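> What follows is a single structure, and I will ask about it in a moment.
What follows is calculated from the coordinates using simple rules that are stated; it is not laboratory data. From a predicted model like this one, the values you see are computed outputs, not experimental measurements.
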Ligand code: OAD
């Protein structure tokens with residue numbers, strides 16, 4: 001890994017698949033059983049808050065039944081041992097990266113174990129069910145909602161992500177279909193700033209042709225092997 005100091009990693013649902021969390025697209029995916037427009041848009045939340053809150057309550061509760069897998073563990077090891085800059089940007093709303101011990105990371109699409117006040121914007125840790133009409137501790141409005149970035153809303157911490165991409169020597173995408181922007185565009189952004197790019201995925205993603213290199217296989221096998229390579233062990 002000569003000349004590599006700053007690394008940005010983008011993860012998607014594929015990294016949590018071997019932990020037992022369903023991905024979104026493809027057979028058995030979450031979007032097969034639910035229409036995105038019914039549970040993942042501001043319009044859906046306004047039209048049927050009970051359905052939308054229930055959808056995320058079930059997914060939040062399911063977190064108690066899953067554990068980080070070898071891919072999360074490997075990225076946590078990289079975070080502990082990599083001497084250069086590192087930022088793990090996850091599109092996932094589960095908490096498996098942090099439960100594995102990763103610290104230099106952010107959730108660009110929100111978090112299941114967080115609640116967002118639609119009135120004042122306050123975010124707070126939340127692990128129980130979240131019925132519509134729950135009051136915000138800060139402003140008092142009965143407006144807490146799942147802290148999920150719905151389609152049509154701005155992902156979190158885009159400035160921090162852009163800054164990290166601009167400084168990256170290596171951009172690695174793991175377990176994401178490349179179907180959702182702006183995350184799907186990070187590979188081209190990183191490349192424009194001169195970073196090398198690598199994709200680790202079960203199958204070629206939609207943006208696969210943009211990557212300098214692609215390795216195909218399950219994240220639980222590919223990611224520990226890649227991390228060992230990077231750390232030289
Ligand atoms: P997708 O479900 O679109 O894609 C998951 C990717 O992971 C696919 O390319 C699979 O081939 C791959 N995959 C599956 N199992 C794998 C494994 N064991 N190892 C490695 N790769 C595997 O999920 P995302 O790309 O994360 O947004 O979806 C992006 C966004 O779309 C999500 O964050 C979500 C969704 O709508 C919001 O909820 C806002």
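> Which number comes out as Rg/Rh for segment 174-233 once both Rg and the Kirkwood Rh are worked out on C-alpha atoms?
0.98
> Give the angle, between 0 and 90 degrees and rounded to the nearest 10, that separates the Cα long axis of helix 70-81 from the longest principal axis of the Cα atoms of the chain.
Computed tilt is about 70 degrees.
> Between the helical axis of 158-167 and the dominant principal axis of the chain, each derived from Cα atoms, what acute angle in degrees is found, rounded to the nearest 10?
So the inclination is approximately 0 degrees.
> Still on this model: Would you mind checking the tilt of helix 219-231 against the longest principal axis of the Cα atoms of the chain, expressed as 0 to 90 degrees and rounded to 10?
Once rounded, one gets 50 degrees.
> Based on alpha-carbon positions alone, could you give the equivalent ellipsoid semi-axes of segment 94-211 from the gyration tensor, as √(5λ), descending, whole Å?
Its equivalent ellipsoid spans semi-axes of 32, 15, 14 Å.
> Could you calculate, for the chain, the ratio of the Cα radius of gyration to the Kirkwood radius, expressed as Rg to Rh?
Computed over Cα atoms, the ratio is 0.97.
> On to the next question. How large is Rg over Rh for segment 1-87, taking Rg from the Cα atoms and Rh as the Kirkwood inverse mean of 1/r across Cα pairs?
Expressed as Rg/Rh, it is 1.11.
> Could you work out Rg/(2.2 N^0.38 Å) for segment 65-134, with Rg from alpha carbons only?
1.29
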